[in-house]
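Novice: Got a structure for you, questions after.
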Amino acid sequence: MSTIKIAAKDGHEFSAYRAEPRGTPRGGLIVIQEFFGVNGHIRRICDQYAEDGYLALAPAIFDRVERDVELDYDEAGMNKGRELRANLDLSKCMLDIQATIDAAASAGKVAALGYCWGGSLAYIATARLTGLACAIGYYGAQIAAHVGETPRVPVMLHYAEKDEYLPQSDIEKVRSAHPSITIYQYPGTEHGFNCDDRRFYEPQSAAVARDRTLAFLERQVG
């Protein structure tokens, strides 16, 4: 496990957390952060999927505006994360994700796996970028706003049943626009149910979603 540097097409250099599997990788996995930065939760996800055989890279998307960002899941962290996200250009985020995809390609086929804001970025990447075999998004609240962008690879989305940031109508909008997307909702859960640093963490639903994600990766990546 280490931190590496990756250069985007426009010359911007950013850091990325890298978790390597034992032996030959089954493929590459781009783990896209929430707006809390590449924090302990995101690093643990990378480590988990490396244990499952994937080369996992988590690009520090906030490096464009502020480096070494790791925020807590409290009101101050939320406010700071929103501020940083507001100062980012989506097209520049895509440059960084594309560079990370390219860096992971040495491991074989590459998937994107995003959480919260990162879940939306993973979805958008499937329509705009090259080199992805599939994408998985957890509770991406901005996907509905980009529903006019059509994924070019298989997509799986995980949503909470009771998400204060994401109305059911948004989920139905995505489902209606793209019936080929696999969508799951988890009864009784709230936004961030997969994150063990959040008060809404729900371990049983998180485990089911992870099993589904692994099966999807096995089919689409290896």
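The values are calculated or read from the model by the stated rules, or taken from the named source; none is laboratory data. Since this is a predicted model, take the numbers as computed values, not measurements. All Cβ positions, even for glycine, are placed from backbone atoms using ideal geometry, and neighbour counts span all protein chains on display. Surface areas here come from the heavy atoms of the whole protein model, side chains and all, with no ligands, DNA or RNA. Shrake-Rupley method; radii C 1.70, N 1.55, O 1.52, S 1.80 Å.
Novice: Among the lysines in the chain, how many pairs, 8 or more places apart or on different chains, have alpha carbons under 25 Å apart?
Specialist: 9
Novice: Working out 0.36 nm times the residue gap between LEU90 and PHE200, then minus their Cα-Cα distance, what length gain in nm do you get to one decimal?
Specialist: Fully extending the segment from LEU90 to PHE200 adds 36.8 nm.
Novice: So what is the orientation-averaged projected area of the stretch 1-93, using the convex hull of its C-alpha atoms, in nm²?
Specialist: 6.0
Novice: Right, next: Any idea how far apart SER2 and ARG67 come out in nm if each label point goes 7 Å out from Cα toward Cβ?
Specialist: Result: 1.8 nm between the two label points.
Novice: Give me the percent of the accessible area of the chain that comes from carbon and sulfur atoms, probe 1.4 Å, all protein chains in place.
Specialist: Reported share for carbon and sulfur atoms: 46 percent.
Novice: For the stretch 93-193, what is the Kirkwood estimate of the hydrodynamic radius, computed as the reciprocal of the mean inverse distance between distinct Cα atoms, to one decimal in Å?
Specialist: Roughly 13.6 Å, rounded to one decimal.
Novice: Percent relative contact order of the stretch 76-222, based on C-alpha pairs within less than 8 angstrom and at least six residues apart?
Specialist: Relative contact order of the stretch 76-222: 18 percent.
Novice: Related question: Please work out the average accessible area per residue across the stretch 5-148, using the 1.4 Å probe convention, and give it in Å².
Specialist: 37
Novice: Continuing with this model, one more query. State whether the stretch 141-204 is rounded, prolate or oblate according to the following rule on the C-alpha gyration tensor (a ≥ b ≥ c being the square roots of its eigenvalues): a/c under 1.5 gives rounded; otherwise a/b larger than b/c gives prolate, and the remaining case gives oblate.
Specialist: The shape class here is prolate.
Novice: List, largest first, the extents of the alpha carbons of the stretch 47-90 along their principal axes, each in whole Å.
Specialist: Extents along the principal axes: 35, 24, 17 Å.
Novice: Moving to a separate point now. Just how large is the dipole of the chain about the Cα centre, in debye to the nearest 20, putting +1 at every Lys and Arg Cβ and -1 at every Asp and Glu Cβ?
Specialist: 700
Novice: Can you give me the Cα centroid spacing of the stretch 179-222 and the stretch 1-50 in angstrom?
Specialist: If we compute the Cα centre of each part, the gap is 19 Å.
Novice: Given +1 on the Cβ of Lys and Arg, -1 on the Cβ of Asp and Glu, and no further charges, what dipole in debye does the stretch 1-101 carry about its Cα centre, rounded to the nearest 20?
Specialist: 340
Novice: Right, here's the next one. Any idea which of GLN185, GLY118, TYR159 is furthest toward the positive side of the dipole for the stretch 115-222, if Lys and Arg beta-carbons carry +1 and Asp and Glu beta-carbons -1?
Specialist: GLY118
Novice: Can you tell me what the convex hull of the Cα atoms of the chain projects to on average, as an area in nm²?
Specialist: One quarter of the hull surface, i.e. the mean projection, equals 10.7 nm².
Novice: Please get the size of the charge dipole for the stretch 47-90, origin at its Cα centre, with Cβ charges of +1 on Lys and Arg and -1 on Asp and Glu, quoted in debye to the nearest 20.
Specialist: 280
Novice: Could you check which residue among VAL31, VAL110, VAL153 shows the biggest mean-square fluctuation in a GNM of the chain with a 10 Å Cα cutoff?
Specialist: Answer for the Gaussian network model of the chain: VAL153.
Novice: Here is a further query. Among ILE181, ILE124, ILE61, which one shows the biggest mean-square fluctuation in a GNM of the chain, springs joining Cα atoms closer than 10 Å?
Specialist: The residue with the greatest mean-square fluctuation here is ILE181.
Novice: Could you bin all the Cα-Cα distances of the stretch 119-171 into 5 Å bins starting at 0 and give me the percent of pairs in each, rounded to whole numbers?
Specialist: So the P(r) values, bin by bin, are 5, 22, 33, 22, 12, 5, 1.
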